[in-house]
Structures are given as structure tokens and as C-alpha cells.
Amino acid sequence: MFISTQTHYFDKIAKIWNEREYSVVRLGEILSYISYGASVPNNYTQNKDNGIPLLRIKDIKRNEISADDVVYLEQSCKNKLGECFVKEGDYLITRSGTVGVVAMVSAEYDGFAFGSFMIKFSLNGSLVDKNFISYWLNSKISAIYFEKNKIGAVQGNITIPIIKNTIIPLPPLTEQERIAKEISQRKTRAKALKQEAKESLESAKKEVEQIILNCVKKV
């Protein structure tokens, strides 16, 4: 049974996908592993060579990890971390703050530790495209689900049971791959346009500055 606060959303989605003969499952049905992050003190070290790199909640963006300023834990924290390390292909999801932000771990962050404000999970089965799952979990529908089902009066959190109950439409693998590829291409184009706009703006600023300088020289 789906969580009651989301039944009207899920019934509608399930009806659409079922009419197209696509499967609709809950995330828990396709998970091979899921766990909370470690609660460790912020004993950061400047010794990068001997420190343990740590992913923080601010490093998790929708569909990507971006750790511009990596912090490192003291080696004394290793025992407390236990299995709270990620490997390439795992997912991290934020469980507090802006809840439900999901990113798949790339090779760059393989072996990093992760903290208590995140949950790690991995998928099983060969009929799932990992990028498709990431895009779906970051969709508006999933965002509504996570927001409405978070718990706690002061700072809301989502839990493993809530994550497991997230609805996932599963069209055939080839269709998942097609959708994921199309989204990836659109994201790439959007980034390129954003960069072009930034460069155009900088060019325009320089032109304006030059015009001002020329006017000053003539005075």
C-alpha cells in the first residue's frame, strides 16, 4: 500500500503507466542495499594524504555530486564510519534540509565517506537504467512525495521506509535508456547555453567599459 498522503498522485501515475503496460514498483523492490550515514564529529584535518574524504549534504546536487572544497576526517574516525563509504554507482539522497535530493556517485568520489544527513542505496537487477532512476527520483512528483512525507516538527527528515515507498515507473530498459539519454543531452545543451550567455555577458561588460574609457579620454 502506498503512503496515504500520496495516494491521489500515485493512483493517477499508476493508471497512466499501467495503461501503457509499463511496470510501476516501489523503490524498495529494486534495492540491493540501503543505509543511513555515519554520525561523526567534525574533526577535519589538513592532512589530505592521510585524511578520509567526506561528502557533506551541500555537495549533493540533483543528479550530480559537486564537492568543490573537499574536507577530510581524521583517521581516528574510521571505526565510527563503519560501512559509511560510497563506491561508484551508489546513490546518495539527502534526508534533511532540502530532502530528497538524489545523486549517483561517480568514479571521482569512489571511496568517500558520507555523513548522517544522507542515506546511501544501491540497485539490483539488470532491467534498470541507473540514470533514469536518478532523474525520476529528482522529478517534481518525487519531490512532492518526499516533502509531504518528511517527519519532524523543527527540521523535517525522511527515513529509509519513506524512501523505500517511493513509486518508480519502469518502462522497458530500452525506453528508460532513451529517456535518460534525452534528458542528459538537454542538460548538456542547457549548460552550454548558460556558458555562452556568461561569456556574452562578460564580453558586453568589457565593451561597455571600453566605451566609457573612450568617452573619458575625449573629455
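The values are calculated or read from the model by the stated rules, or taken from the named source; none is laboratory data. These numbers were taken from a predicted model, which means no experiment stands behind them. Because the Cβ atoms are built from the backbone with ideal geometry, glycine has one as well, and the counts that use them run over all protein chains shown. SASA here: full protein model, heavy atoms, side chains in, ligands and nucleic acids out. Shrake-Rupley method; radii C 1.70, N 1.55, O 1.52, S 1.80 Å.
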The extension gain from ALA197 to ASN50, computed as 0.36 nm times the residue separation minus the Cα-Cα distance, is 48.8 nm
The long-range amide H neighbours of LEU55, using H built 1.01 Å from N in the peptide plane and a cut-off of under 5 Å, are ALA113, PHE114, GLY115
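Quick check on my link table: of LYS48/LYS164; LYS87/LYS164; LYS48/LYS120; LYS58/LYS181, which ones sit more than 29 Å apart, alpha carbon to alpha carbon?
Numbers: LYS48/LYS164 36 Å; LYS87/LYS164 20 Å; LYS48/LYS120 24 Å; LYS58/LYS181 26 Å.
Distance filter (> 29 Å) returns LYS48/LYS164.
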Rounded to the nearest 10 Å², the accessible area of LYS87 using a 1.4 Å probe with every protein chain kept is 110
Descending accessible area (1.4 Å probe), largest on the left, turns ASP49, ASP69, ASP59 into ASP49, ASP69, ASP59
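Based on the Cβ-Cβ distance from ASP110 to SER32, what FRET efficiency comes out when R0 is 22 Å, to the nearest 0.05?
Working: r = 17 Å, r/R0 = 0.79.
The formula returns an efficiency of 0.80 here.
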With all protein chains in place and a 1.4 Å probe, VAL128 shows an accessible area in Å² (nearest 10) of 30
Probe 1.4 Å, all chains present, heavy atoms only: GLU199 accessible area in Å², nearest 10, is 110
Between the alpha carbon centres of the range 46-79 and the range 99-157 the gap in Å comes to 18
At R0 = 22 Å the Cβ-Cβ FRET efficiency linking LEU173 and ILE144, nearest 0.05, sits at 0.25
The range 24-47 scanned against label point 7 Å out from LYS80 along Cα→C-beta; backbone N under 13 Å for 38-45
Note, the range 79-95: 3J(HN,Hα) by Karplus (6.51, -1.76, 1.60, θ = phi - 60°), whole Hz, Gly/Pro = x, goes 5, 6, 6, x, 9, 7, 10, 10, 10, 4, x, 6, 10, 10, 10, 6, 10
